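Okay, so here's the structure we're looking at.
The values are calculated or read from the model by the stated rules, or taken from the named source; none is laboratory data. Computed from a predicted model, the values in this text were never measured in an experiment. Counting neighbours? That spans all protein chains shown, and the Cβs are built from the backbone with ideal geometry, glycine included. Keep in mind that these areas ignore ligands, DNA and RNA; they rest on the heavy atoms of the full protein, side chains included. Shrake-Rupley method; radii C 1.70, N 1.55, O 1.52, S 1.80 Å.
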Amino acid sequence: MANEIWTIKRCLEWTKEYLAERGEEHPRLSAEWLLCAATGLARIDLYMRMDETLNAAQLETMHAAVVRRAKGEPLQYITGSTQFRMIDVACAPGVLIPRPETEMLVEEVLNYLDAEVLSPEAAARQRVELPWNDEVEEARKAEAALADERATAERRAANLTAADEAALGGDVLGSRAYAEELADREAEEAAAQAAEAEAAEAAESELDEYGIASEGADQETASAQYAAAPAPVEPRIARVLEVGCGTGCISLSLAWERRGHVTCTATDIEPRAIDLATKNRDALGLTSDEVAFSLTNLVSSIPREEWGTFDVLVSNPPYIPTDVMRSLPHEVKDFEPDLALEGGADGLDIFRRLLNAAPYMLRAGGLFACELYEGALDAAAELCRQAGLSDVRIVHDLTDRPRIVRAIVSEPKQRQ
């Protein structure tokens, strides 16, 4: 094979036929995935570069991949990754491969967080009448009357001669004195008005375009001009607890899609899962403060002081009933870990333990959400009701099969 000329087109066609002969359900799609992984090209690029020749290293990688796929190994393990919602997730044997149904579980959690945790009520500020409006109006009227009075006095004084003054004596002198007095009073009023205008201008400059006092503004002035409702409450950081994180796809998607608004604590009992999830977190540039992974059994590692502080407990636990395990497709039952699949006789063994933990982990009004086997959803919903949870709902997947149970913890518990 290495001594021949293998173009992308020839390799694609040959791989498609080879896999089809061995029962591959979607041979062309599988061939495209494998070629993309071997060449580093996007699928559309394969068709733009059909005449390019594969080098020796690419051919060797492709050959090994085709052999593995022909034996039924999942494509995600062979290529080493898959796409989940908005992120690429590294995959590896020993860790459950993310499914499209789980993307819906993330969507349910995000819908809850957006509606109940991350959307603050808008604070309303109402414009009110200034408390000194009447005083200002009265002052304006007084100033106008004073100006008229001064103008009249000046006209009278200007029309009088010295003889008039002598004849009329004090009256004329009084008129001139009155005019001078008015002039003095006007000067004082002008100075007062100038000071008042300067103060008003300074106060106005400390208000933004919406009339809200800017930093450092005089609070009495701002309060006098506006009666405000309580200051808007900044969105708080939502806290999510995920149990059985696998690749980390749920927690990483939540933290990635609501970055800065959601932090996650995620646990798994499988060391390979914790290592892979940490690798995926680092590849996304997320920090351990945003998503913290812990090797533990269910919620055993959660510090007691954090009990009752989570907004969401979410899980895609092992949920395949024992009898159903035998009928799973070859590439699932022979390659993916039983520990992440089998959920006991009815598929609800781990779910029951999570349901028992939920009232201790969640705050009042917190969301408990699990992906489960389609035949177990009614029983799971009834268990939630019996446990005292409220607003119990069953969510269907894209094929209209029951897939997710979600409920609200109305009355948290405290373990003594």
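About the centre of its Cα atoms, the stretch 14-87 shows a dipole size close to 240 debye [charges on the beta carbon of Lys, Arg (+1) and Asp, Glu (-1) only; nearest 20 debye].
The distance between label points at GLU21 and SER288 comes to 5.2 nm (points 7 Å beyond Cα on the Cα→Cβ vector).
Please calculate how many Å² of accessible area the stretch 278-416 carries per residue, with a 1.4 Å probe and no DNA, RNA or ligand atoms counted.
Working: 6740 Å² over 139 residues.
Heavy-atom SASA per residue in the stretch 278-416 reads 49 Å².
Distance between the pseudo-spin-label points of GLU4 and LYS413 (7 Å out from Cα toward the beta carbon): 6.6 nm. Remark: for residue pairs LYS9/LYS333; LYS279/LYS333; LYS9/LYS71, the C-alpha separation exceeds 27 Å in LYS9/LYS333.
Each principal axis of the stretch 16-111 carries a Cα extent, and these read 47, 29, 22 Å when sorted largest first. For the stretch 45-93, the carbon plus sulfur part of the accessible surface works out to 50%, probe radius 1.4 Å.
Work out, step by step, the length gained on full extension between SER300 and ARG28: first 0.36 nm times the residue separation, then minus their alpha carbon distance; give nm to one decimal.
93.4 nm
Over the stretch 1-55, give the accessible area per residue in Å² for a 1.4 Å probe, as an integer. Mind dumping the intermediate values first?
Details: 3410 Å² over 55 residues.
Here the per-residue accessible area is 62 Å².
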